[in-house]
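For reference, the structure discussed in these notes is given below.
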Amino acid sequence: NMAIIAGFSVNGVAKLHTEILEKQELKDFYQMMPEKFNNKTNGITQRRFLAHGNPLLADWITSKIGDGWITDLSQISKLKPLVEDEEARREFMEIKYQNKVRLAKYIKEHNGIDVDPHSIFDIQVKRLHEYKRQLLNILHIMYLYNQIKEHPEMSFYPRTFIFGAKAAAGYLRAKETIKLINSVADVVNNDRSINGKLKVVFIEDYRVSNAEILFAAADVSEQISTASKEASGTGNMKFMLNGAITLGTMDGANVEMYEEVGADNIFIFGMSADEVIAHEQHHDYNPYDIYNNDEDIKKVVNQLVDGTYSHNDRELFRELYNSLLNPQQGQVADRYFILADFRAYANAQKKIGVYYTNKSAWAKSAILNIAHSGKFSSDRTIQEYVDDIWKLDKIEVNTEGC
Ligand SMILES: *Cc1c(COP(=O)(O)O)cnc(C)c1O
């Protein structure tokens, strides 16, 4: 509160986030001093996350449109006409494949797990937090595993699900989620009956250096926070710049990525921020209704406490189970609407599996993501700070003799 009163400028880091601040969290302050409030959507640097992290793709882009994008990312839009070129689409997919081979080697070295670079690389890397919903992702993997076991004949494009996340030291539920991911990985990766259709990998020590390798190799970018909870996100932008297709909720900067790239080139699912906020205000969400009316969901949630992934220890994941259905005093059941969004998420995942079988269409969407990533450079963000908040003049730097 003191920062807002004493501060000169108060900004939200994405358009949706700024609106939520103005209408909910900081409503009183906004009414008193609306002129202080503004929006500066976050950005990321293309020097680190494309030029340095993905040299194969960077060189390919430069060969097509020159190297102006390195200091002016708006120029990346010059890639747009290229999407009609079938040869360019094949070249892009070959580069993505090489980057997946690079990540597969990293995984073999660090995890000892064999993953197939021909499978869909579906990646969620970010801090471990309940609102980011790594639990939704892993519950869906448990669901897919059940489906494959029950219907071995069903058509299914092989997937490699990759997680990377650190949990804060005292955040027990986050650590339990990491434990669950690794426990599901142990079962799924070692079940030879599913013919390698599913692999699950947890990357240790997620950090910028290994993040570069992950972004470059991603087919699918998981940005599945409960709508209204993610202020902006920047991982979402790094994936987009590297030609991954976003699977996400209408939250944070995903909303602006959707506006830039268009509905055909992003997979959006789930409740809106307004719907989430309305349920929170009316206290009218009961996850038991969903649990009781959807057999697949019921089975997956029960598997948290029937020993399937815990060598028959029914207590190991009891706390996670309780977080969804039996909240402890002062808590809310399924506070982050995991069960409410589960079906919509599973349906979006299904669409992704089908879409990927059309490599040419997939490549077109992926290249369009890169071509529409210009807005998300931190150069643009910083320039807006300079123009609208700091009001700085440009200084000419004499580079002679450098
Ligand atoms: C970009 C980045 C983040 C932020 O990721 P989000 O998906 O936006 O939460 C966190 N950690 C590392 C190492 C990153 O590179």
For segment 216-289, calculate the relative contact order in percent as a whole number, restricting contacts to Cα pairs under 8 Å that are 6 or more residues apart.
32 percent
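Let me know the shape class of the chain, please: from the alpha-carbon gyration tensor, a ≥ b ≥ c as square roots of the eigenvalues, rounded when a/c is under 1.5, otherwise prolate if a/b is greater than b/c, or oblate.
It is oblate, given that a/c is not under 1.5 and a/b is not larger than b/c.
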Note on segment 36-136: alpha-carbon gyration tensor, axes a ≥ b ≥ c; rule is a/c under 1.5 for rounded, else prolate if a/b larger than b/c, else oblate; result oblate
Looking at segment 346-402, which trypsin sites (Lys or Arg not before Pro) are DSSP coil and have at most 12 other C-beta atoms within 10 Å of their C-beta?
Lys391, Lys394
Under Karplus coefficients 6.51, -1.76 and 1.60, residue-wise ³J(HN,Hα) of segment 318-332 in Hz, glycine/proline x
4, 5, 5, 4, 4, 4, 8, 10, 10, x, 7, 3, x, 9, 10
Quick one: which residues, 5+ away or cross-chain, put their amide H under 5 Å from the amide H of Ile245? H built at 1.01 Å from N.
Val220, Ser221
Counting only DSSP loop positions in segment 294-363, the GluC sites (Glu not before Pro) whose Cβ has at most 16 other Cβ atoms within 10 Å are Glu315
What is the P(r) of segment 177-282, as percent of Cα-Cα pairs per 5 Å bin from 0?
2, 11, 17, 17, 18, 16, 11, 6, 2, 0
In Hz, Karplus ³J(HN,Hα) per residue of segment 179-196 (6.51, -1.76, 1.60; θ = phi - 60°; x = Gly, Pro):
4, 5, 4, 5, 6, 5, 4, 4, 6, 5, 5, 9, 8, 6, 5, 9, 6, x
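What number, rounded to the nearest 500 deg cm²/dmol, is the helix-based mean residue ellipticity at 222 nm of the chain, given -39500 (n - 2.57) per DSSP H run of at least four residues and division by all its residues?
Calculated from helices alone, the mean residue ellipticity at 222 nm is -14000 deg cm²/dmol.
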Could you please state, rounded to a whole Å, how far the C-alpha centre of segment 185-207 is from the C-alpha centre of segment 1-71?
35 Å
For segment 84-93, in order, what is each residue's ³J(HN,Hα) by Karplus, 6.51 cos²θ - 1.76 cosθ + 1.60 with θ = phi - 60°, in whole Hz (x at glycine and Pro)?
7, 8, 4, 5, 4, 4, 5, 4, 4, 5
Please tell me which of these pairs span more than 27 angstrom C-alpha to C-alpha: Lys40/Lys132; Lys132/Lys359; Lys100/Lys298; Lys40/Lys64; Lys299/Lys359?
Lys132/Lys359; Lys100/Lys298; Lys40/Lys64; Lys299/Lys359
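Which percentage, to the nearest 5, of the DSSP beta bridges contained in the chain is antiparallel?
Rounded to the nearest five, the antiparallel share is 0 percent.
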Over the chain, what is the relative contact order in whole percent, taking alpha-carbon pairs under 8 Å and six or more residues apart?
23 percent
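Each value in this text was obtained by applying a stated rule to the coordinates, not by laboratory testing. Keep in mind it's a predicted model, so treat the numbers as computed, not measured. Please note: Cβ atoms are built from the backbone with ideal geometry, for glycine as well, and neighbour counts cover all protein chains shown.
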